[in-house]
Amino acid sequence: MRILFVTVGGSPQPIVTAIQSLGPGRVIFVCSGGPKGSLSQVVGEGTPCEVRRGSEVEKLPNIPTQANLGARFNPATDVIELRDPDDLPGCYRQIGAVMADLGGQEVMADYTGGTKTMSVALALAALEYGAELVLTTGNRTDLIRVKQGEMTQAVDSAPILVQRALEKEIPNHLEQYNYGAVLVKLRQLVMLKLPQQQRRRVLELSDLCHGFETWDRFDHVQAFSYLRNYLDRKEICKQGLFLKRVIHSRSLLDPEIDPSLGTPGHGFEVIQDLLLNAERRAQQKRYDDALGRIYRALELLAQVRLKQAYAIDTGDLSLDKLPPSLQPAYQAKRNDKGKIQLGLMQSFHLLSEWNGDPLGEHFGVWRSRIQDTLQLRNYSLLAHGFRPVTEQDYNNQVVPNLVTFVKQALEILIPEKSKKDPLALNPLQMPQKL
């Protein structure tokens with residue numbers, strides 16, 4: 001059902017024109033109360049409306065009667081009596097409260113009549129709740145009122161909505177790396193009739209946010225397909241290069257990823273990607289999620305090192321890859337499926353037993369701090385307990401003990417020739433502006 005909001009001012013004619021032109025199934029009148037208010041034009045008995053033609057005054061029935069609304073008008077539900085027609089926040093709240101309950105219906109708002117404040121309040125509410133703005137106007141001989149030939153026409157509010165979204169709403173979401181929320185807003189905007197330049201900007205943002213949103217969900221290959229068309233931009237080019245290296249790094253452990261889709265780097269990029277992802281979750285105050293990603297980064301750190309240096313697969317360890325002195329102990333770890341599978345701490349323990357391994361030696365120094373800090377994960381609801389990871393836990397234990405350990409390990413393991421590239425140790429965080 002089409003619902004029309006109208007602000008009621010001094011003249012009933014534009015409102016009657018709007019109702020007759022638009023044919024709404026329901027009309028909601030926004031009126032001012034008090035002895036000099038416009039409420040009487042809607043609910044008054046007899047002939048409360050006046051139309052002035054020069055010195056002549058024509059008395060007419062109330063607006064619902066003039067517009068032949070009949071049973072379509074219910075004074076108990078279809079009148080908003082504003083407590084103070086010059087209080088903009090108050091008018092906006094009253095109108096918005098009614099408009100908010102009409103979700104899913106076709107809502108129009110004619111802001112022709114009423115005080116300037118009433119008109120602004122209705123227009124603001126219409127923009128906020130997605131109502132179509134209309135204006136009833138015609139030939140003017142002064143700035144007081146339209147005197148003849150009124151016509152109701154749509155008002156193009158799309159450029160205003162887009163500008164507000166681009167300058168206010170979207171930057172706020174990007175600041176929190178909330179690319180999904182930006183996409184929801186962009187899907188709304190792209191349905192509007194937009195000027196060509198704004199439409200190009202909306203579609204461009206949609207591509208970029210799809211890229212970073214899918215990347216944020218670890219769908220690396222799909223992410224690159226969105227970003228590849230924007231690699232001529234300096235920052236996007238750097239992001240794209242890192243993403244290609246992440247894809248290749250991931251392919252070394254993930255058989256479902258084709259290595260040719262990526263670009264070879266130092267091989268630890270997938271771990272750096274997890275740390276950056278954890279950083280974004282922490283900025284969103286999602287500390288359990290952040291710790292989960294850091295835990296996975298620790299696992300991958302050991303797995304990548306064992307794979308790169310010794311061709312060892314922690315999911316199915318081959319004894320012949322081990323030094324003879326270690327083989328008996330690991331033979332005893334074979335499970336009922338005949339496989340030797342290593343968890344996080346077991347993988348690091350193996351590296352620490354491997355004579356001269358730099359990551360194993362580094363882990364030996366940090367072992368107790370890592371084990372103590374990982375208890376936070378074990379107590380978390382995302383692992384084995386119910387205790388949430390707090391901001392204090394994260395900043396005072398997780399970052400200094402786990403994140404620092406991983407970053408120092410990468411400095412040790414990444415080859416010197418790779419470090420000549422500034423992105424090798426310091427890949428870019430995802431953008432907070434686009």
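The values are calculated or read from the model by the stated rules, or taken from the named source; none is laboratory data. Predicted model only: the values in this text are computed from it and were never measured. A quick note on method: Cβ atoms are made from the backbone with ideal geometry, for glycine too, and the neighbour counts reach across all protein chains shown. Surface accessibility is based on the protein's heavy atoms, side chains included, excluding ligands, DNA and RNA. Shrake-Rupley method; radii C 1.70, N 1.55, O 1.52, S 1.80 Å.
Brief remarks follow.
- Taking one quarter of the surface of the C-alpha convex hull of region 187-228 gives a mean projected area of 3.0 nm².
- Neighbourhood charge, 15 Å Cβ-Cβ cut-off, centred on L322 and excluding it, Lys, Arg +1 and Asp, Glu -1: +1
- Most mobile listed residue (Y310, Y179, Y226) in the chain, GNM with C-alpha springs under 10 Å: Y310
- Screening the chain for whole DSSP H helices of 18 Å or more along their axis (Cα) with average Kyte-Doolittle hydropathy at least 0.5 returns 116-129.
- Cα-Cα over 28 Å, subset of K307/K339; K168/K285; K116/K168; K244/K407; K321/K420: K321/K420
- More than 11 Å apart - percent of Cα-Cα pairs taken over region 164-205: 64
- Environment charge at L402 (Cβ cut-off 15 Å; Lys +1, Arg +1, Asp -1, Glu -1): +1
- Contour minus Cα-Cα distance for E361 and Q308 (0.36 nm per residue): 17.4 nm
- With coordinates expressed along the principal axes, the C-alpha atoms belonging to region 1-124 extend over 43, 30, 23 Å, beginning with the largest.
- Once the convex hull of all Cα atoms in the chain is built, its volume per residue stands at 207 Å³.
- Subtracting the Cα-Cα distance of R164 and D84 from their residue separation scaled by 0.36 nm leaves 26.0 nm.
- Over the chain, accessible surface divided per residue gives 51 Å², non-protein components excluded, 1.4 Å probe.
- Three-way shape call for region 330-434 based on the alpha-carbon gyration tensor, with the a/c threshold at 1.5: oblate
- V155-M191 FRET efficiency (beta carbon distance; Förster radius 22 Å; 0.05 resolution): 0.80
- Candidates A302, V184, P159 compared by Cα position along the dipole of the chain: farthest toward the positive end lies A302, with charges placed on Cβ.
- Residues considered: K285, K238, K36. Largest GNM mean-square fluctuation over the chain, using C-alpha springs under 10 Å, is found at K36.
- Taking every Cα-Cα distance in region 378-434 and sorting them into 5 Å bins from zero, the calculated P(r) comes out as 4, 15, 14, 17, 15, 15, 12, 6, 2, 0 percent.
- Charges were assigned to the Cβ only: +1 to each Lys and Arg, -1 to each Asp and Glu. The resulting dipole of the chain about its Cα centre is roughly 500 debye.
- Sulfur and carbon atoms: percent of accessible area, the chain [1.4 Å]: 50
- Positive minus negative residues near V27 (Lys, Arg vs Asp, Glu; Cβ under 12 Å): +1
- Most mobile of R305, R250, R83 in a GNM of the chain (Cα contacts under 10 Å): R83
- Calculated mean residue ellipticity, 222 nm, the chain: -14500 deg cm²/dmol, from DSSP H runs (n ≥ 4) at -39500 (n - 2.57) each, averaged per residue and rounded to 500.
- Nonlocal amide H pairs with I80, under 5 Å, H built at 1.01 Å: F29, V30, C31
- The mean sequence distance of close C-alpha pairs (under 8 Å, at least 6 residues apart), as a share of the length of the chain, puts its relative contact order at 10 percent.
- Residues with amide H under 5 Å from that of V134, placed H, sequence gap 5 or more: A109, D110, Y111, V155
- Relative contact order for region 286-434: 23 percent, from Cα pairs under 8 Å spaced at least 6 residues apart, divided by residue count.
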